[in-house]
Structures are given as structure tokens and as C-alpha cells.
Amino acid sequence: MNSLSISETGFLLIKLFGHCESKDEKIRGGEGIGLLILIFVSVPKLLLHRIFPNVRYSIWIDGKLQLVVDPYQILEKFLWRQNANFAISRHYRRFDVFVEAEANKAAGKYDNSSINEQVDFYKQEGLTPYSEAKFPITSGTYDVPEGCVLIKEHIPITNLFTCLWFNEVDRFTSRDQLSFAIVRDKIMAKVDWNINMFLDCERRNFVMQTYHRDLLEQMPPPVANVIRRPPALPSMRRRTPGKRITRRRSSSRRHRKAAT
């Protein structure tokens, strides 16, 4: 792992976690990413309060995204105005854990047997398919998040939630979308606490999609745009203004008369 780079601006502390490499033989779903790498990434993502115990607010952004808005505006819109202490965007397409599990298996995101084991365990724990009766559509609480952005106020309840969420990621698969709902439901059943799950289109307003570093290294360099200019028009002689050009008439008619 590369050394951590830190930059400080005013009251903002920006911490960039360098690219880490692993020789672990347990590879996830044929993508060539070691399991140890995935667990390491989940540590700063979900256990940031253990790394920075004095931080009050934090915004986690995946490496494939680029922040294009002032972080204070994000905190104001998704936490302070909503009277919330944890915000995450909904999935752009799916909102049922069981549908998300099938999509992960179809895409080869993880080993199918591990996903089946995780989903079967959650069924025994009481997880049910999503329905309007379970959580009304108007409540904004969906079962499947888009976990590339986490906006948190570090208070005991949010720290507890992310700790329990990390335990599920460490216990089963690294697909944190599958374990989000079961942890949230367990806490909300005992504590009057809610999560601000905003629309995915709102997330796209403050982050810009890019590519992961490993994909960028495999891409060919961009081809320079060649500007082709149109061929030059043939040069034409300019006529001098005021002068009249007279053409000489043919004398063939005069020669014919002389012959007769």
C-alpha cells in the first residue's frame, strides 16, 4: 500500500488512501481483486471513526468518483436540512435485496455460493422482499443503496451502524449493498433512527463518474484529434477595377468572304 497523502484546507481534512496490492489467492468472482484488498477498502469506508476518532463529519467517495461540489454544501443539503446524521443514495435501478443478489451473480461480482449463503442467512433473520407495505415509497427508505458515497455525522448511533455493517461485510461477501438493509432494520426496530436515502440523480449532481485506476492502466492512450483543413481553392487573377477587358473577335468570317 502506498503511503497516505494528506492535504488540509481550512477546517477540511482530505485523506487519500493509496492503491493497495495483495497476493491473496482468494480471488473474487474472476475479477482479479484479492479479498484482502476488499476488506482493507471497507475499513476506511465503514470504520472511519476508528481511524479519526475526533472527526465530526465525513464524506466517503469511491475512487471511481470525483467530487465537483463544495463539501459543506453536501452536508447542508443531505444532513442539516433533513435533520439526519447518515445519508446514502438509493440504487439507480434496484431496490430489493433479493433482486440485487441475482444481479450480482449474473454479473459475476462474487462467488455465487457465497451470495446464496448470505441471502439464505438473512431470510432466516427475517429479511423479506421489498414492498410498499414494508416501507412506503414516500419514506425514501429503500433496501438497496448505491454505496459509492456515504455522508455521516459521527455520533454513537451512526458509528454503531457502520460497525455492524462492516461485520456483515467481513463475515459474508464484500457486496455491501446486500448487507445494508438487514443491519438498518435491526437498529430501526430498537431505536428511533432513520437514514436519508436520496435519489441517485442527486448524487450525480455533486460527483462525476470516472474509472478505477486498474481500468485506466489497461486503456489505450487517447488518440489525438487530427484537424483536417479543406483544400485551398485555386488562385484567381483579380481584375483591376475601372478597366474593361475586350475580347478579340474571330476573323474566320472575314476570311470566308474574301475567298468568295
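Residues checked against (1) within 18 Å of the chain's Cα centre (by Cα); (2) open to solvent by 40 Å² or more (accessible area, probe 1.4 Å); (3) at pLDDT 90 or above:
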{"site": "H19", "(1), (2), (3)": "yes, yes, no"}
{"site": "G32", "(1), (2), (3)": "no, yes, no"}
{"site": "I37", "(1), (2), (3)": "no, no, no"}
{"site": "H49", "(1), (2), (3)": "no, no, yes"}
{"site": "Y57", "(1), (2), (3)": "no, yes, yes"}
{"site": "G63", "(1), (2), (3)": "yes, yes, no"}
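Taking the criterion of being without any contact (Cβ under 8 Å) to a residue 60 or more places away in the chain, open to solvent by 70 Å² or more (accessible area, probe 1.4 Å) and closer than 18 Å to C148 by Cβ, the residues of region 86-109 that qualify are R93, F95.
Considering region 176-201 alone, what residues qualify as being part of a loop (DSSP other than H, G, I, E, B) and buried (at least 19 other Cβ atoms within 10 Å of the Cβ)?
Filtering region 176-201 down to residues part of a loop (DSSP other than H, G, I, E, B) leaves 189-195, 199.
Result: I195, single match.
Condition check for N83 on (1) within 20 Å of Y142 (Cβ to Cβ); (2) open to solvent by less than 40 Å² (accessible area, probe 1.4 Å); (3) more than 20 Å from the chain's Cα centre (by Cα); (4) not hydrophobic (A, V, I, L, M, F, W, C): one failure, at (2).
Table: residues versus (1) within 24 Å of the chain's Cα centre (by Cα); (2) open to solvent by 40 Å² or more (accessible area, probe 1.4 Å); (3) more than 25 Å from V207 (Cβ to Cβ).
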position: P71; (1), (2), (3): yes, no, no
position: I74; (1), (2), (3): yes, no, no
position: D111; (1), (2), (3): yes, yes, yes
position: Q124; (1), (2), (3): no, yes, yes
position: L127; (1), (2), (3): no, no, yes
position: D143; (1), (2), (3): yes, no, no
position: I151; (1), (2), (3): yes, no, no
position: L160; (1), (2), (3): no, yes, yes
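If I go through region 42-69 residue by residue, how many of them are within 21 Å of T210 (Cα to Cα) and in a helix (DSSP H, G or I)? Number of matching residues: 3.
The values are calculated or read from the model by the stated rules, or taken from the named source; none is laboratory data. Please read these numbers as outputs of a predicted model, since none were measured by experiment. Cβ sites come from the backbone with ideal geometry, for glycine too, and all protein chains shown count toward neighbours. Heavy atoms of the whole protein, side chains included, go into the accessibility calculation; ligands, DNA and RNA do not. Shrake-Rupley method; radii C 1.70, N 1.55, O 1.52, S 1.80 Å.
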